[in-house]
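Heads up, the thing below is written out as structure tokens.
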Ligand SMILES: Cc1cc2nc3c(=O)[nH]c(=O)nc-3n(C[C@H](O)[C@H](O)[C@H](O)COP(=O)(O)OP(=O)(O)OC[C@H]3O[C@@H](n4cnc5c(N)ncnc54)[C@H](O)[C@@H]3O)c2cc1C
């Protein structure tokens, strides 16, 4: 672990990335595609799933008044003093470029400004930062548990498993308060309560998913952690062969830790 941390830290720096795309995928969700060249491409092609970067959007324009959600009208004009942290949902090294994608939710002044970024713009980014997810030896099954926006880095991890750990059986659990808060492109109203290839973001790596919403508007009715518990209750694989990765609200992570301890 020390070696990999050292290695990624050695490459970190301040880089400029070119925006390739900024696609809206739901009321409040976007996927921002970035392209790094030169030293930035080298630094980010090593980026591990779960690592993050700090974006400077202080001089990015606000959207027009009519495009600002009502609940953000009061905060929209705030000056952006600090960079904002984001992890990646996909990283691809391509020739001498590195393509990286961020799945983000519009929650305040900085993420509101991010929605106006468009192809050809450039963004200042510090990274890669943090340690990322770690895969211990001897595991046969990995469970990815995402709460809301936590899905992004777990999509990246799903890609890593498929590429580098072909024998690992992986299942994704994705939850949100309601169907509208699931950050995916699928026909979410068609999702059943069963395990299936409903979420294209995981299905493209051959990974099945279970979807949960607190209000039952899609998939399992209840918390994603209850969905996880129920599934584990039916699973015959021993706990020591399994690893659970979580990304989401703190309460969800605490509950995932409890469930893992019991198993
Ligand atoms: C390591 C790391 C990785 C992240 N990765 C992503 C990502 O991949 N996609 C994504 O959409 N967001 C991610 N975030 C959260 C993101 O940084 C914030 O949503 C963003 O900074 C909000 O900026 P803002 O100016 O739009 O809103 P602000 O005005 O700064 O915040 C708006 C509201 O969101 C709350 N909030 C802000 N940050 C967080 C947070 N980290 N957790 C819980 N509530 C928060 C604030 O309390 C406030 O109520 C990540 C955060 C961290 C620390």
Can you grab the distance from the C-alpha centre of the range 206-263 to the C-alpha centre of the range 154-187, Å, no decimals?
-> 12 Å
So, in nm, how far is label residue 258 from label residue 107 when the simple model puts each one 7 Å beyond its Cα toward the Cβ?
-> 2.2 nm
What is the ratio of the Cα radius of gyration of the chain to 2.2 N^0.38 Å, where N is its residue count, to two decimals?
-> 1.02
Centre separation in Å (Cα based) which lies between the range 78-97 and the range 41-55 = 8 Å
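Please work out whether the range 219-263 counts as rounded, prolate or oblate from its C-alpha gyration tensor, where a ≥ b ≥ c are the square roots of the eigenvalues and a/c under 1.5 means rounded, while otherwise a/b larger than b/c means prolate and anything else oblate?
Oblate is the answer for the range 219-263, as a/c is 1.5 or above yet b/c matches or exceeds a/b.
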Nearest 10 degrees, 0 to 90: what angle lies between the long axis of helix 2-11 and the longest principal axis of the chain (Cα atoms)?
-> 20 degrees
Relative contact order (percent, whole number), the range 141-262, Cα cutoff 8 Å, 6+ residue spacing | 31 percent
For an R0 of 22 angstrom, estimate the FRET efficiency from the Cβ-Cβ distance between residue 16 and residue 92 and round to the nearest 0.05.
-> 0.75
Alpha carbon convex hull of the range 2-129, projected area averaged over orientations, nm² | 7.9 nm²
Label model pair residue 134, residue 42: point-to-point distance (7 angstrom along the Cα→beta-carbon line) in nm is 2.8 nm
Given a cut-off of under 8 Å on Cα pairs at least six residues apart, what relative contact order in percent is computed for the chain?
-> 19 percent
More than 22 angstrom apart: percent of Cα pairs within the range 141-262 = 26 percent
Which part of the range 169-200 falls in the paramagnetic zone of residue 226, meaning amide N under 16 Å from the point 7 Å along Cα-to-beta-carbon?
-> 174-179, 193-194
Footprinting proxy, 83, 187: sorted fewest to most Cβ within 10 Å, the residues are 187, 83
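Each reported figure results from applying straightforward, stated rules to the coordinates on display, with no laboratory input. What you see is a predicted model; the values in this text were computed from it and never measured. Using ideal geometry, Cβ is built from the backbone for each residue, glycine included, and neighbour counts are taken over all protein chains shown.
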